[in-house]
Amino acid sequence: ALEHAGASEGGLVLVDGEAGIGKSRLIGEFVAEVRAGGAEILAGSCLPFADAVPYAPFAQILGHLAAGDELPGEVPSAADLADRFRFFGWVAEQLVAAAAAQPLVVLVEDLHWADESTGDLLLFVANAVRSARVLIVATRRPSEGDRAGGLAVALGELVRSGRAVQVHL
């Protein structure tokens, strides 16, 4: 998948498995290999709060980009539906721009704790980077179910259609 991303064929890899089975270990090994190969990695995690935090992993990911002064202009609001679509497009544009010089791996951990908004943004970005040098890798525990019930269905469809790869541990 990383080789495909390097050839501007970005995509989504979903790593799922029960708690303690080795998702974090696998991702750690992958991250070390990717860094050694020269790709950039941006990571964020969904949070297990009682009230889910919208866009939590992407706030962390974009924060890493902003630390390098790479985010141009004003961030569109995600307050209403019309602005939300612009916000999603803006996030995708930032990730594609960050991958211009080298492949970019976007790591989203603990997707099972994602709220509906985060799930929607992940799906939008995964579709938007299909012709970019961006690989999205997401981890989740399938037995816990997703907070955003539709996310599990949408991810399943992406895997069935061949637009995402699932690695089940």
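The values are calculated or read from the model by the stated rules, or taken from the named source; none is laboratory data. Predicted, not measured: the structure shown is a model, and the values here were computed from it. Neighbour counts are summed over all protein chains in view; Cβ atoms, including those assigned to glycine, are modelled from backbone coordinates with ideal geometry. Protein only, heavy atoms only, side chains kept; ligands, DNA and RNA dropped before computing areas. Shrake-Rupley method; radii C 1.70, N 1.55, O 1.52, S 1.80 Å.
Arrange the residues Ser131, Ser161 by how much accessible surface each exposes, largest first, with a 1.4 angstrom probe. Numbers along the way, then the final one.
Values: Ser131 95, Ser161 70 Å².
Greatest to least solvent exposure: Ser131, Ser161.
Hey, what D do you get for segment 1-80 in µm²/s if you plug the Kirkwood alpha-carbon radius into Stokes-Einstein at 10 °C and 1.306 mPa s?
Numbers: Rh = 15.4 Å.
Calculated translational D: 103 µm²/s.
Give a quick list of GluC sites (Glu not before Pro) in segment 1-30 that DSSP marks as loop, anything other than H, G, I, E or B, with at most 13 other Cβ atoms within 10 Å. Don't skip to the end; give the middle numbers.
Working: sites: Glu3, Glu9, Glu18, Glu29; in loops: Glu9, Glu18.
Within segment 1-30, the qualifying GluC sites (Glu not before Pro) (loop, at most 13 other Cβ atoms within 10 Å) are Glu18.
Given a 10 angstrom Cα cut-off, can you work out which residue in Leu135, Leu65, Leu81 is the most mobile in a GNM of the chain?
Leu81
Taking the chain as a Gaussian network, where each spring joins two C-alpha atoms under 10 Å apart, which residue of Val137, Val53, Val15 fluctuates the most?
Sorting by GNM fluctuation, first place goes to Val53.
Long-range amide H contacts for Ser45: which residues qualify at under 5 Å (H placed 1.01 Å from N, peptide plane, sequence gap of 5 or more or a different chain)?
Glu109
Given labels modelled 7 Å from the Cα in the Cβ direction, how far is it in nm from Ala32 to Arg160?
Placing both labels 7 Å along Cα→Cβ, they lie 3.8 nm apart.
Compute a Gaussian network model of the chain, connecting alpha carbons closer than 10 Å, and tell me which residue from Val13, Val129, Val75 fluctuates the most.
The residue that fluctuates most here is Val75.
Using a probe of 1.4 angstrom, how much of the accessible area of the chain is carbon and sulfur, in percent?
Working: 4430 of 8260 Å².
Of the solvent-accessible surface of the chain, carbon and sulfur hold 54 percent.
So which chymotrypsin sites (Phe, Trp or Tyr not before Pro) in segment 81-141 pass both tests, a DSSP loop state and at most 10 other Cβ atoms within 10 Å of the Cβ?
Working: sites: Phe85, Phe87, Phe88, Trp90, Trp113, Phe124; in loops: none.
Those that pass, being in a loop and sparsely packed, number zero.
Can you list the residues, at least 5 places off or on another chain, whose amide H is less than 5 Å from the amide H of Leu12, using H built in the peptide plane?
Under 5 Å from the amide H of Leu12: Ile136, Val165.
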